[in-house]
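The values are calculated or read from the model by the stated rules, or taken from the named source; none is laboratory data. Fair warning: this is a prediction, and the values are worked out from it, not measured in the lab. A quick note on method: Cβ atoms are made from the backbone with ideal geometry, for glycine too, and the neighbour counts reach across all protein chains shown.
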Amino acid sequence: MKQQLLVLTLLFTVSISAPAYAEEANANANEHYSRFFVVPDIIFYRPVGFAFTVVGAALFIAISPFTAFANIAPPHDAFEKTKDILIMAPASYTFLRPVGNYSETDY
């Protein structure tokens, strides 16, 4: 009975705080939105971001033997760091960022 009450209390707390978080995220997204940035974003920045993602993936594959040597020493996260820099950063900028949002970090 105590576990059910705890679970219900937790669910109630999360359901109350979720809309506030969504409103805050929406406000931050609208803060960096410009309707004048939509057209250059679609025509130029998205294709360039896609090209950087493809080139980064090819470069990641090409330097993976050297990354394996760097991965030997602790903390053993060379592949994750290289992936984040070469692939995930341009991919998230291209595919996750809302159209017209000129911020590099709010998505």
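Here are some notes:
- Selection of helices (runs of 4 or more DSSP H) fully inside the range 31-106 by the criterion of at least 3 residues being within 16 Å of the chain's Cα centre (by Cα) returns 46-62, 78-83, 89-95.
- Boolean, residue 71 is among the polar types (S, T, N, Q) and without any contact (Cβ under 8 Å) to a residue 12 or more places away in the chain: yes
- Qualifying residue in the range 84-93 (condition: at pLDDT 90 or above and of a type in the set (Ser, Thr, Tyr)): yes
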